[in-house]
Amino acid sequence: SKENGRGQFSFFSIDMNCKVAVQRQMTEGMRNSLAAGEFYLEYQPRFDARGRHIRSAEALVRWAHPERGRISPAEFIPLAEQNGLIVPLGDWIMRTACETATHWHGIGVSVNVSPVQFRDADFVQKVRDCLEETGLEPSLLELEVTEGILLEDADRAISLLKELKKVGVTLAMDDFGTGYSSLSYLRNFPFDVIKIDRSFVSDLDRKESARPIVQAILGLGRALGISVTAEGVETNEQLAILTADHCNEVQGFLLARPLRAEQVAELLQEMPEL
Ligand code: C2E
Ligand code: CA
Ligand code: CA
Ligand code: CA
């Protein structure tokens, strides 16, 4: 613990100790919850923008804490990245998502991959094992990564992405446009999909400058042969603009919220044959 010069604890260090204690408690809680099966997945459908058919669904992890109720992944994922639990949690997420998607008959599943999982020396082998053991067709698994994977060791990240590509999975760059070097990453990495960050989409019916930016990203995708998904679509106006500008796929509360696996299966049954 931190003491100031006169041997007293400062407010700062008390505060820090408190935060550390809370985090330690949460780490312990996560470990137990993982063993107790208190994590579960929801799946948010992704639709092709023109026909509005479900193409795939994104797995989003949820923590049903016995005392604290539902905790947001925005809160516990960063902690899991710090304490390393994201590795076993991420393994469980990928396996569960692949297993679930085997019941969807050709509809893909996307999984968010943390930079920490990417650092795991076994990651590519785990992906292979997961596909082999669940029997899911590799192209139906999409891995969503952010530019965070490239910040530490870009060369290693490139070679991992290339290995993953050989395995046959689909690679998506998530939160496109929010980082510092999205463009240079596109030059160097073989992504199949770009996901336009929600902040650009929500600006579409608020800011004049938003549409030309989105159009530029769509043009880039077209020129490079990369499919573009817009995330966080909440209004009909946003959807109309994205469709008019030939966005490939759309995802957002307007079309579907994150759903339990059974609900996705029901939706798929109602869907007309393609
Ligand atoms: P993300 O990957 O960008 O996921 C999209 C987030 O936006 C999800 O929040 C989703 O529920 C939310 N969303 C979708 N459509 C709309 C919309 O129309 N409006 C608004 N306002 N929000 C929308 P969620 O599930 O709370 O996840 C937050 C973040 O936590 C994710 O951002 C991702 O970075 C992380 N995360 C979630 N699940 C996982 C996971 O399984 N593994 C890892 N590594 N990270 C995850
Ligand atoms: Ca994502
Ligand atoms: Ca995103
Ligand atoms: Ca995000």
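The values are calculated or read from the model by the stated rules, or taken from the named source; none is laboratory data. Predicted model only: the values in this text are computed from it and were never measured. Here Cβ is always computed from backbone atoms with ideal geometry, including for glycine, and neighbour counts include all displayed protein chains. In case anyone asks, the SASA skips ligands and DNA or RNA and just uses the protein heavy atoms, side chains included. Shrake-Rupley method; radii C 1.70, N 1.55, O 1.52, S 1.80 Å.
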### Message
Given a Förster distance of 41 Å, report the FRET efficiency between N188 and C18 from their Cβ-Cβ distance, rounded to the nearest 0.05.
### Response
0.45
### Query
Each label point is 7 Å from the Cα along the Cα-to-Cβ direction; what then is the distance between the points at S72 and Q215, in nm?
3.4
### Per-residue HN-Hα couplings for region 240-254 [Karplus 6.51, -1.76, 1.60; θ = phi - 60°; Hz; x = Gly/Pro]
5, 5, 4, 5, 4, 8, 6, 5, 6, 10, 10, 8, x, 4, 4
### Message
I need the peptides 181-194, 248-261 ranked by packing, meaning the mean over residues of other C-beta atoms within 10 angstrom, with the highest value on top.
### Response
248-261, 181-194
### Task
Order the peptides 133-139, 42-48 from the highest to the lowest mean number of other Cβ atoms within 10 Å of their residues.
42-48, 133-139
### Query
From the phi of every residue in region 200-208, what ³J(HN,Hα) in whole Hz does the Karplus formula 6.51 cos²θ - 1.76 cosθ + 1.60 yield, where θ is phi - 60° and glycine or proline is x?
6, 5, 6, 6, 4, 9, 10, 10, 4
### Surface accessible to a 1.4 Å probe, per residue, for the residues of region 94-250, Å²
46
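Given a 1.4 Å probe and every protein chain left where it sits, what share in percent of the accessible area of region 153-274 is carbon and sulfur?
About 50 percent, which is the carbon plus sulfur part of the accessible surface.
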### Query
What residues have an amide H closer than 5 Å to that of E234, excluding those fewer than 5 places away on the same chain, when H is modeled at 1.01 Å from N in the peptide plane?
L254
### Query
Rounded to a whole number, what is D in µm²/s for region 54-194 from Stokes-Einstein with the Kirkwood radius over alpha-carbon pairs (20 °C, 1.002 mPa s)?
137
### Task
On the protein heavy atoms, probe 1.4 angstrom, tell me the percent of accessible surface of region 65-112 carried by carbon and sulfur.
54
### Task
Rounded to whole Hz and in sequence order, give me ³J(HN,Hα) for region 131-145 from the Karplus expression 6.51 cos²θ - 1.76 cosθ + 1.60, θ = phi - 60°, writing x for Gly and Pro.
5, 5, 6, 8, x, 6, 4, x, 5, 7, 9, 10, 9, 9, 10
### Query
Want the number for H65 to S159: 0.36 nm per residue separation, take away the alpha-carbon distance, what's left?
30.1 nm
### Query
How big is D for the chain, in µm² s⁻¹ as a whole number, if Stokes-Einstein is applied with the Kirkwood radius of its Cα pairs at 20 °C and 1.002 mPa s?
106
### Task
Run the quick spin-label model on D122 and Q269: label points 7 Å from Cα toward the beta carbon, then report their separation in nm to one decimal.
3.8
